[in-house]
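Report on one structure; see the data block that follows.
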Amino acid sequence: MKRRQLGLIAAAVTAGALLAACSSGGTSSAGGGTASGSSSGGSGSSPAASATPAGFYSMSTADCTDPAQATKKITGTLTLGWSGPFSGPISPFADAVVQGARDRFALQNQAGGVGGVKLAIATKDDQFNPAQTKANVDGWIQSGSVQAVTEFGSGPLAAVAADQNLACLPNLFVNATDDTYRDISKYPWTTEFLPSNTVEEAAEVKVIEAEFPGASTITVAVAEDSTGSGQSYLDGLQDAVKGTNVTIKKVVSFGTDPNATAISLQQTGADVVFGALVVPECLQLTEAMAKIGYSPKLTVQASNCGSASLMFAPAGTAANGQKLVFWEKDPGNPVYAKDPGYQAYVADATKIDPAHAQPDDTYYETGWMIADMMVNGFQTAAASSLGLTEEGIMQAARNQDYQPPLFINGIKWIMNANEAYGIMKLQPLVYSASSKSFNYDGSVIDTCAGILGAADCTGGL
């Protein structure tokens with residue numbers, strides 16, 4: 001019997017009404033900034049069973065297409081379905097992320113899993129095609145073979161969010177930036193891992209302003225990826241520059257000819273080039289600008305390109321001085337040589353999978369980190385009154401308060417009923433061609449007060 005029926009339900013009523021029906025008792029959206037309080041729990045801790053603390057988000061399955069499935073105790077194996085571009089030009093990066101996640105799950109399984117339940121990952125190739133992502137996730141929904149899913153990219157997320165929320169299937173730590181799906185009232189069964197485009201671009205505008213102190217106007221030319229991810233970055237930047245002296249002079253589509261893009265950017269005469277790009281386009285842009293001898297006063301790259309060894313070093317001195325904001329301890333950086341969290345990660349990864357571990361790869365590390373955060377959530381769910389169920393997993397994710405060992409010191413992951421950003425602080429970094437690594441470029445930037453309002457920036461936000 002099929003676990004959840006998608007069928008013609010969406011044709012009978014509007015998707016918005018259905019998503020609201022599948023929502024929980026909380027109704028806050030990520031950008032509202034009207035609720036107060038902090039999430040419950042801490043690293044690996046479960047929500048209090050005896051009382052609901054302020055800011056706690058309680059899931060509901062009353063209007064799920066199959067409530068019994070969402071509340072069914074998970075036994076044996078908990079499988080995460082991961083749809084991604086496992087063929088094509090982006091596949092090496094996607095493969096590295098999944099390998100890191102597999103190895104972190106393997107470490108947990110070696111320790112007994114989560115209350116005896118083993119963790120596994122099933123993958124399906126979508127070639128970064130949203131239509132194929134939808135087919136993949138719909139297949140998992142109807143087969144009931146996975147207990148949670150995740151994807152790469154804002155476009156693929158957009159293709160699956162409606163069905164996945166209707167089915168009340170947890171969609172955890174999606175590698176996407178689109179704020180649309182951070183609206184808890186509409187998408188309670190979805191969380192995104194990458195910093196919100198609102199958060200990231202707010203921090204990047206501060207980086208740009210700091211580079212040109214006293215300037216009356218700072219002009220920016222944007223190289224925009226042609227997928228939903230590029231549009232999300234651009235949307236965030238357009239919002240972030242409002243009320244500042246930073247203006248967007250031109251947006252240039254990043255197509256199949258990076259050299260043409262570089263020439264168009266150069267012709268703008270803008271002070272700053274901003275790469276609203278995905279891997280490996282950030283490296284391709286740098287190389288194309290170098291090829292035509294174009295060196296803007298400042299180049300800012302999107303955070304998803306935050307691998308010094310893969311996205312900056314191959315460009316040599318052309319990448320020197322480029323900036324970005326980040327939250328992750330980048331592998332190989334001398335600053336983390338004695339960092340306990342980073343060193344423990346390297347030791348664990350090497351020990352659990354000596355044949356395939358790539359602890360010096362940023363994308364592998366990202367996968368390990370995502371899986372580590374999932375493990376924390378699974379443990380919290382198992383210890384809660386809902387237990388290790390899909391509902392319990394999603395409630396733990398909605399209220400997660402965790403300090404990942406691989407996050408830059410001073411940056412924490414927090415979600416609760418009042419906000420769905422996860423990350424609201426980012427560290428400015430500048431690339432050094434001589435050391436082939438990032439250096440800190442000032443202090444951590446806290447975007448919370450500007451987005452939520454100071455009253456809601458509590459508990460480490």
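The values are calculated or read from the model by the stated rules, or taken from the named source; none is laboratory data. All values reported here derive from a predicted model rather than from experimental measurement. In this analysis, Cβ positions are derived from the backbone assuming ideal geometry, glycine residues included, and neighbour counts consider all displayed protein chains.
I need every pair where a residue in the range 255-270 that is under 23 Å from Ala215 (Cβ atoms) has its Cβ under 9 Å from the Cβ of a residue that is of a type outside the set (D, E, K, R) and part of a loop (DSSP other than H, G, I, E, B), sequence separation at least 6 or different chains. Cβ pairs passing all conditions: Leu265/Tyr294; Leu265/Pro296; Gln266/Ile292; Gln266/Gly293; Gln266/Tyr294; Gln266/Pro296; Ala270/Pro296.
In the set (1) of a type outside the set (S, T, N, Q); (2) over 20 Å from Met373 (Cα atoms); (3) in contact with an Asp or Glu (Cβ under 6 Å, 6 or more places away or on another chain), the condition left unmet by Ala433 is number (3).
Checked against the criterion of being at pLDDT 95 or above, assigned by TED's automatic domain parsing to the domain that holds Val430 and assigned to a helix (DSSP H, G or I), the range 293-307 has no qualifying residue. If you filter the range 311-334 down to residues that are over 22 Å from Gly293 (Cα atoms) and not in a strand (DSSP E or B), you find that the one that is nearest to the chain's Cα centre (by Cα) is Trp327.
Residues in the range 97-111 that are surrounded by fewer than 22 Cβ atoms within 10 Å (Cβ to Cβ) and either within 13 Å of Phe378 (Cα to Cα) or of a type in the set (A, V, I, L, M, F, W, C) (or both): Ala106, Leu107, Gln108, Asn109, Ala111. Note on the range 336-365: residues that are exposed (fewer than 13 other Cβ atoms within 10 Å of the Cβ), at pLDDT 95 or above and of a type in the set (A, V, I, L, M) total 3. The set of residues from the range 150-190 being part of a loop (DSSP other than H, G, I, E, B) and crowded, with 24+ Cβ neighbours inside 10 Å comprises Gly153, Ala167, Cys168, Leu169, Pro170, Ala176, Thr177, Asp178, Ile184, Tyr187, Pro188, Trp189. Can you name every residue in the range 249-275 that is of a type in the set (A, V, I, L, M) and touching a Ser or Thr at 6+ places or on another chain (Cβ under 8 Å)? Selection gives Val252, Ala270, Val272, Val273. Note on the range 415-461: residues that are farther than 30 Å from Lys186 by Cα and in contact with a Gly (Cβ under 9 Å, 6 or more places away or on another chain) amount to 12. Give me the residue from the range 116-143 that is assigned to a helix (DSSP H, G or I) and among the polar types (S, T, N, Q) and, out of that set, surrounded by the fewest Cβ atoms within 10 Å (Cβ to Cβ). Only one residue tops the list, namely Ser143.
Hey, any hits in the range 108-129 for a residue that's under 18 Å from the mean Cα position of the chain (by Cα), hydrophobic (A, V, I, L, M, F, W, C) and within 21 Å of Ala158 (Cβ to Cβ)? So far as the range 108-129 goes, yes, one or more of its residues are under 18 Å from the mean Cα position of the chain (by Cα), hydrophobic (A, V, I, L, M, F, W, C) and within 21 Å of Ala158 (Cβ to Cβ). If you go through the range 292-309 and keep only what is among the hydroxyl-bearing types (Ser, Thr, Tyr) and surrounded by fewer than 21 Cβ atoms within 10 Å (Cβ to Cβ), you end up with Tyr294, Ser295, Ser309. Cβ-Cβ contacts under 9 Å between residues 6 or more apart (or on different chains), taken from a first residue in the range 284-307 that is touching a residue at least 60 places away in the same chain (Cβ under 8 Å) to a second residue that is assigned to a loop (DSSP other than H, G, I, E, B) and hydroxyl-bearing (Ser, Thr, Tyr), are listed as Ala302/Thr177; Ser303/Thr177; Asn304/Thr177.
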